[in-house]
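S.K.: Below is a structure I'd like to ask you about.
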Amino acid sequence: MSSVILYTTRICPYCWRARELLQRKGVAFEEISVDQNPEHMATMRQRSRRNTVPQIFIGNHHVGGYDDLALLEARGELDALLAAADG
């Protein structure tokens with residue numbers, strides 16, 4: 001299992017942005033599509049306490065959505081979080 005998990009839907013533009021940011025950084029991640037899968041949606045809601053996508057987890061840390069991920073990157077904090085998760 002990857003240390004980065006990205007819950008997404010097919011049509012979400014923020015999901016695309018999160019995916020692209022992680023790919024640009026060369027980060028391997030597991031993508032879990034929640035559209036048309038009620039079990040995956042229920043798991044995402046339980047883990048994040050949110051109903052929107054994307055929901056991003058790095059290790060045991062719930063990052064939040066794309067805006068939260070982009071803010072970590074802009075602050076220069078994302079690389080350290082990724083490194084700690086790969087431990």
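The values are calculated or read from the model by the stated rules, or taken from the named source; none is laboratory data. Not measured: the values here are computed from a predicted model. All Cβ positions, glycine included, derive from the backbone under ideal geometry; neighbour counts span all protein chains shown. Areas reflect the complete protein model, heavy atoms only, side chains present, ligands, DNA and RNA absent. Shrake-Rupley method; radii C 1.70, N 1.55, O 1.52, S 1.80 Å.
S.K.: Count the DSSP beta bridges whose two residues both fall in the chain, then state the antiparallel fraction as a percent rounded to the nearest 5.
M.R.: Values: 7 of 11 bridges.
Around 65 percent of the beta bridges assigned by DSSP in the chain are antiparallel ones.
S.K.: Rolling a 1.4 angstrom probe over the protein heavy atoms, how many square angstrom per residue are accessible across the chain? Show your work: numbers first, answer last.
M.R.: Details: 5300 Å² over 87 residues.
About 61 Å² of surface per residue is accessible.
S.K.: At a 1.4 Å probe, what is the % contribution of carbon and sulfur to the accessible area of the chain? Mind dumping the intermediate values first?
M.R.: Values: 2560 of 5300 Å².
Roughly 48 percent, rounded to a whole number.
S.K.: Here's a follow-up. For the range 40-87, which trypsin sites (Lys or Arg not before Pro) pass both filters: DSSP loop (anything but H, G, I, E, B) and at most 16 other C-beta atoms within 10 Å? Walk me through the numbers on the way to the answer.
M.R.: Numbers: sites: ARG45, ARG47, ARG49, ARG50, ARG75; in loops: ARG49, ARG50, ARG75.
Listed in order of number, the matching sites are ARG49, ARG50, ARG75.
S.K.: How high is the relative contact order of the chain? Use alpha-carbon pairs under 8 Å, at least six apart in sequence, and give a whole percent.
M.R.: Numbers: 117 pairs, mean separation 28.2, N = 87.
Rounded, it is 32 percent for the chain.
S.K.: Compute the whole-percent fraction of alpha carbon pairs in the chain spaced more than 22 Å apart. Walk me through the numbers before you get to the answer.
M.R.: On the way: 659 of 3741 pairs.
Beyond 22 Å sits 18 percent of the P(r) for the chain.
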